[in-house]
1. Looking at this structure, is Val129 more than 30 Å from Asp177 (Cα to Cα) and within 14 Å of the ligand (Cβ to nearest atom)?
2. Tally up the residues in the stretch 22-35 that are surrounded by 24 or more Cβ atoms within 10 Å (Cβ to Cβ) and either more than 21 Å from Gly265 (Cα to Cα) or more than 7 Å from the ligand (Cβ to nearest atom) (or both), please.
3. Return the total of residues in the stretch 178-199 being without any contact (Cβ under 8 Å) to a residue 60 or more places away in the chain and either not assigned by TED's automatic domain parsing to the domain that holds Ala221 or not aliphatic (A, V, I, L, M) (or both).
4. Can you tell me which of Ser235, Ser281 is farther than 28 Å from Ala328 by Cβ and either small (Gly, Ala, Ser) or touching a strand residue (DSSP E or B) at 6+ places or on another chain (Cβ under 9 Å) (or both)?
5. I'm trying to understand the selection: among the residues of the stretch 114-138, which are of a type in the set (Lys, Arg) and within 29 Å of the chain's Cα centre (by Cα)?
6. What are the residues in the stretch 231-247 that are out of contact with any helix residue (DSSP H, G or I) (no Cβ under 8 Å at 6 or more places or on another chain) and at negative phi, if any?
7. Counting only residues that are more than 8 Å from the ligand (Cβ to nearest atom), aliphatic (A, V, I, L, M) and in a strand (DSSP E or B), which one in the stretch 237-264 is surrounded by the fewest Cβ atoms within 10 Å (Cβ to Cβ)?
8. The conditions are (1) assigned by TED's automatic domain parsing to the domain that holds Thr130; (2) at pLDDT below 95; (3) of a type in the set (Gly, Ala, Ser), and Gly75 fails exactly one of them. Which is it?
Amino acid sequence: MADVIVVGGGPAGLHAAYLLGKEGFDVRVLEEHSSIGSPVHCTGIVAAEAFKEFDIQESTALHPLHNVRFYAPSGTSFEYRTRDAEVFVIDRRSFDQQLCDRAVAAGVTVTTSSKVFDIRTDDQRALVVTSNGECFQCRIIVLACGADYVLQRRLGLGVPNHFLQSAQIETRSDLLDAVEIHTGKDIAPGGFGWAVPVIRNDQSYVRLGLMCASRVDHYFANFRSRIGKQWNLESSAIPRRKILPLGPIPKTFGNRIIAVGDAAGIVKPTTGGGIYYGLVSASIAARTVTAGLRSNDISSSFLAQYDKAWRNAFQAEIESQLMFRKLATRLNDTEIDQLVALAKYNGLRPLIRMTARFNHQRTLINAVLGHPGARRILLKELFS
Ligand SMILES: Cc1cc2nc3c(=O)[nH]c(=O)nc-3n(C[C@H](O)[C@H](O)[C@H](O)COP(=O)(O)OP(=O)(O)OC[C@H]3O[C@@H](n4cnc5c(N)ncnc54)[C@H](O)[C@@H]3O)c2cc1C
């Protein structure tokens, strides 16, 4: 019987597996796809701090992104430039592959083409059944299957309260001079569209994506034709669609089971970005599982400390981002225009420069809500 089975070979699962392998446990990762890191459903923007914090080689980072331009529905824009290299765009396939290689070097077994279909637990063990008909026994399961909530629902862990639909392509294009964020009810109701410049082997590409509440194919097609002309996009790529969780599942642990990363909905609610939060949750999970296996207590009540620990790390941040998302979603196009104009002409830039951090947005949100003009727009009900 293995000590740990990790369901899903994305960043969160592979990082948890690596840390547990390093502790000397017998760990197996089951990944449904035939290769790690593929297919890619991610724009791959990662803050510089993640490389240092998780000891990940920067070789998977393609280049830094210094410029971002926010487009209001009217077309007016606000540009923000960072002096230092605060965020990078990564090659997501080689990022995941690197996490896999080091897990394997730590003694972890990674089995691909192995989709977990059912999970059962009792007082003695956990049982994992794959759609190939294989059956694995282990002491504890780390559920790291990403934004797919069939198993969580079946295990009584629940599903996130908030979702958006997303679609993305990566395709050849002219070189964009900034990350572009496009907003408005005709672009992406409830979300936004993005265009991220990528340079790979001296050739320029764009990762063009969109998240919205519904009809993602329709909005993505419109967005693509709008941006396509401007940046000379190659038009043949087929968009990859995926649901985007925007908040945690109600319960991230159970008897002999712990959920990490997107599988637990531990992401940034403003954007759905989850690589960094997923890695942090994997580290916390690995610490709890290590203590539980060593003390031979992997009951639900012991594993509750994982839920408490990751909420200590992120709950306030997640709640602040959810609140901001709610306020932003209620803005009409005129109000978004006003907010972008405010950022452009009226003193928001220094606040952003002082408080913006890619993974921790609460200070920026508080600062924006403390600005009288921005507060009037965002908290409009209070002022009407
Ligand atoms: C369009 C888009 C753009 C994004 N851009 C960014 C970004 O720029 N920055 C950022 O930080 N985040 C971004 N994200 C979010 C980011 O991709 C996720 O937060 C991150 O991949 C979560 O990692 P994970 O390991 O939890 O899950 P995943 O990376 O989804 O990995 C889960 C793995 O489990 C496997 N799996 C699923 N079910 C099973 C099963 N039953 N049995 C076996 N294996 C299974 C899957 O094949 C997958 O390999 C984006 C997401 C989308 C959709």
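The values are calculated or read from the model by the stated rules, or taken from the named source; none is laboratory data. This one's a predicted model, so the numbers in the text were calculated from it and none came from an experiment. Note: ideal-geometry Cβ built from the backbone for every residue, glycine included; neighbour counts use all protein chains shown.
1. Numbers: more than 30 Å from Asp177 (Cα to Cα): yes; within 14 Å of the ligand (Cβ to nearest atom): yes.
Against the criterion (more than 30 Å from Asp177 (Cα to Cα) and within 14 Å of the ligand (Cβ to nearest atom)), Val129 qualifies.
2. Step one: filter the stretch 22-35 for residues surrounded by 24 or more Cβ atoms within 10 Å (Cβ to Cβ), giving 27, 29-31.
Imposing the further condition that a residue be either more than 21 Å from Gly265 (Cα to Cα) or more than 7 Å from the ligand (Cβ to nearest atom) (or both) reduces the set to 27, 29.
Matching residues across the stretch 22-35 total 2.
3. Initially, the stretch 178-199 is screened for residues without any contact (Cβ under 8 Å) to a residue 60 or more places away in the chain, giving 188-189, 191-193, 195.
Filter once more, so that each one left must be either not assigned by TED's automatic domain parsing to the domain that holds Ala221 or not aliphatic (A, V, I, L, M) (or both): 189, 191-193.
Residues meeting the conditions: 4.
4. Ser235
5. Lys115, Arg120
6. If we filter the stretch 231-247 for residues that are out of contact with any helix residue (DSSP H, G or I) (no Cβ under 8 Å at 6 or more places or on another chain), which is where we start, we get 231-232, 234, 236-238, 240, 242-244.
Within the stretch 231-247, Trp231, Glu234, Ser236, Ala237, Ile238, Arg240, Lys242, Ile243, Leu244 meet the criteria.
7. Ile257
8. With respect to (1) assigned by TED's automatic domain parsing to the domain that holds Thr130; (2) at pLDDT below 95; (3) of a type in the set (Gly, Ala, Ser), Gly75 is out only on (1).
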